[in-house]
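I have placed the structure first, in the form of structure tokens, so that the comments after it can refer back to it.
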Amino acid sequence: MPTALDQRMNDAIARLTGGGAPMALTEVTVGGRQLPAIAAAPPSLAHYFAHYCAEHKDATFLVAGDERLTFAQVYAQARRVANGLAAAGIGRGDRVGIAMRNSPSWIALYMGILMAGGVAVLLNGWWQAEEFANALTEVECAIVVADPPRGKRLTGVPGLSARIVTIDDTQPLAAALAPIASDDVADLPELGPDDLATILFTSGSTGQSKGALSDHRAVLQAVLNYLAQALVMLGLATEDGNPPQGQPSTLLNVPLFHVTAEVPVMLQSFAMGRKLVLMPKWDALEAMRLIQAEAISYFVGVPLMSFEMLNHPDRATYDLSTVTDFAAGGAPRPVDHVRRISEEMGGGAPLIGYGLTETNGVGCGNWRSNYLAKPNSTGRASPPLVDLAILDDHGEPVAQGARGEVAIRSVCNFREYWHRPDATKAAFSKDGHFLTGDIGYLDEDGYLFIVDRKKDIIIRGGENISCQEVEDALYQHPMVAEAAVFGLADEKFGEVPGAVVHLRGGDAPDGAALQTFLGQHIAAFKVPARIWIAVDALPRLGTEKIDKVGLRAKYRAMD
């Protein structure tokens, strides 16, 4: 039966979304299906930026080192970016890539691209030249804006059609944006819900990243779904006599090219008038210093981040009591980690969310006392927009408690994989649920428990790694005859890649040499932590495929 917190949250969301309420629901037609949507959503993200940057104009929005910028200041610079892009011929539906670390420039560029009618293509800043080449071949960008390290990698990509604009994001915002911005006011397009907004890349089990395309409606509804939950918890805190004090604030400590940083962190902050304190690179000690110095009220990151703070020898030196919630996503937390956050982190409660790039981060959430009671669960479907199902291999719902593929249907789901109609079709059930590739079950209270993955994916500290992509990179070495990549348990990251390789003989490389080779072709986080050299050919199944299940069991036991 529902917990007391569940019942209070149910009642609060009903009040918030009922007829005449601030977030009353309507229905929209998407893909021939009627889906619930929040009626108050503005037509586009451009309208959303304009409205909330005016409402919160004098409040601090971004803190990056010594630079502090208000909502109005950031909006003004985003408008200059939109002017510059329009002058460069960027219009409705044109793709513009961002290849940068977290910075105020990244956020102003994202806003300006959308305001100009373009599609913001969020490129993984950890990629090497070959990975950038694959993505930019997949999604043809007219322009890519890069910081100096990524700009250098991109200039090494042969045959690249996109114009590369390198900016120095270490300068103050207006100066940094000078190469792409303009003070000449452009006539910008009037955008609507069906206009294209973003492309984020997802590591599929087939190897090469796919570009997941979303329109303005999907991204905005995802933001508002998160906002509805934030308003519910705000209301409950007020009822309990603990209303929040001062401006809400959070660290921006996960990469903005990830959906978690993009939607629930950055985009939700506009509506909340929330201060974002940017961290270009994760460091637990610096995070604790910033939490204390900036009175951070909310923390979200991959589980590794709160784990490192929890176990840091200097944790007691810092006051972390302003944080109400220590949220995580991207990977499960160890059960003991959940308990220790509640007991040792200064009063902040544990929280975990479950969502995917293709769902614009929307999925499930497990909150506070509910999370302590069921620490292995990602929680219930996030109201008011998410329809969660567990499906069998034929796309039919399984019995309650039975295992199947986790599937999510909502107006927040992406539209398609860019120029991949077959992959898009395969990603959805006949009833329009996105098939996540995760295997799980629902308990009697509607809580989701994920028990396995259908796709050949490793999740290292919240980063998805395609086993096939790493295998393909290994096969580029002339001495590699056979390769199998799989996940190994890791206390810090949850799991890391491991590989077994059979070589052709001769002057054969060892595991360290293969790691060095891979580092030249794929991002460092994808390089296997262990590479075993097998003397004999790798075992095969009756289908002649390599017996990866058997290899994984054998070598995991040796690790």
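The values are calculated or read from the model by the stated rules, or taken from the named source; none is laboratory data. Being a predicted model, the structure only gives us computed values, none of them experimental. A quick note on method: Cβ atoms are made from the backbone with ideal geometry, for glycine too, and the neighbour counts reach across all protein chains shown. These accessible areas exclude ligands, DNA and RNA; they are computed on the full protein's heavy atoms, side chains included. Shrake-Rupley method; radii C 1.70, N 1.55, O 1.52, S 1.80 Å.
Side notes on the structure shown:
- Averaging the sequence gap over all C-alpha pairs within less than 8 Å and six or more residues apart, then dividing by the number of residues, gives the chain a relative contact order of 12 percent.
- At 0.692 mPa s and 37 °C, Stokes diffusion of region 274-314 via Kirkwood alpha-carbon radius, µm² per second: 305
- Amide H within-cut-off set for residue 249, under 5 Å, with H built and near neighbours excluded: 275, 297, 298
- Positive contributions from Lys and Arg (+1) and negative ones from Asp and Glu (-1), summed over other residues with Cβ under 13 Å from the Cβ of residue 340, come out at -1.
- In terms of overall dimensions, region 376-418 has a Cα radius of gyration and Dmax of 12.0, 35 angstrom.
- Each residue of region 4-11 is assigned a 3J(HN,Hα), and the resulting list reads 4, 5, 4, 5, 5, 5, 4, 5 Hz, derived from the Karplus form 6.51 cos²θ - 1.76 cosθ + 1.60 (θ = phi - 60°), x at Gly and Pro.
- Taking amide hydrogens as placed 1.01 Å from N in the peptide plane, the amide H of residue 403 sits under 5 Å from that of no residue at least 5 positions away in sequence or on another chain.
- Charge tally in the Cβ shell below 11 Å around residue 193, where Lys, Arg are +1 and Asp, Glu are -1, residue 193 excluded: -2
- Dividing the Cα radius of gyration of region 112-204 by 2.2 N^0.38 Å, with N the residue count, gives 1.17.
- Cα-based reach from residue 152 at 18 Å (exclusive), listing lysines while leaving out same-chain residues under 8 positions away: none
- Over the residues of the chain, the helix contribution to mean residue ellipticity at 222 nm works out to -9500 deg cm²/dmol, using -39500 (n - 2.57) for each DSSP H run of at least 4.
- Built amide H within the under 5 Å cut-off of residue 143, gap 5+: 97, 163
- Within a straight-line Cα-Cα reach of under 17 Å, residue 492 can be paired with the following lysines, leaving aside sequence neighbours fewer than 8 residues apart in one chain: 526.
- The listed residues 51, 56 rank as 51, 56 when sorted by accessible area, largest first, using a 1.4 Å probe.
- Total formal charge among the other residues, if their Cβ is under 15 angstrom from that of residue 9, Lys/Arg +1 and Asp/Glu -1: -1
- DSSP assigns beta bridges within the chain; of those with both partners inside it, close to 60 percent run antiparallel.
- Dipole axis of the chain (+1 Lys, Arg; -1 Asp, Glu on Cβ), positive-most option in 2, 522, 440: 522
- Karplus-based coupling profile of region 180-191, in residue order and whole Hz: 10, 9, 8, 8, 6, 5, 9, 8, 8, x, 8, 9, with θ = phi - 60° in 6.51 cos²θ - 1.76 cosθ + 1.60 and x standing for Gly or Pro.
- Exposure of residue 414 as accessible area (Å², to 10), given a probe of 1.4 Å and all protein chains: 10
- Summary of the geometry: region 3-35 and region 416-442, compared by the centres of their Cα atoms, lie 25 Å apart.
- Per-residue Karplus couplings for region 320-325, computed as 6.51 cos²θ - 1.76 cosθ + 1.60 with θ equal to phi - 60°, are listed in order as 9, 6, 6, 7, 7, 9 Hz, Gly and Pro entered as x.
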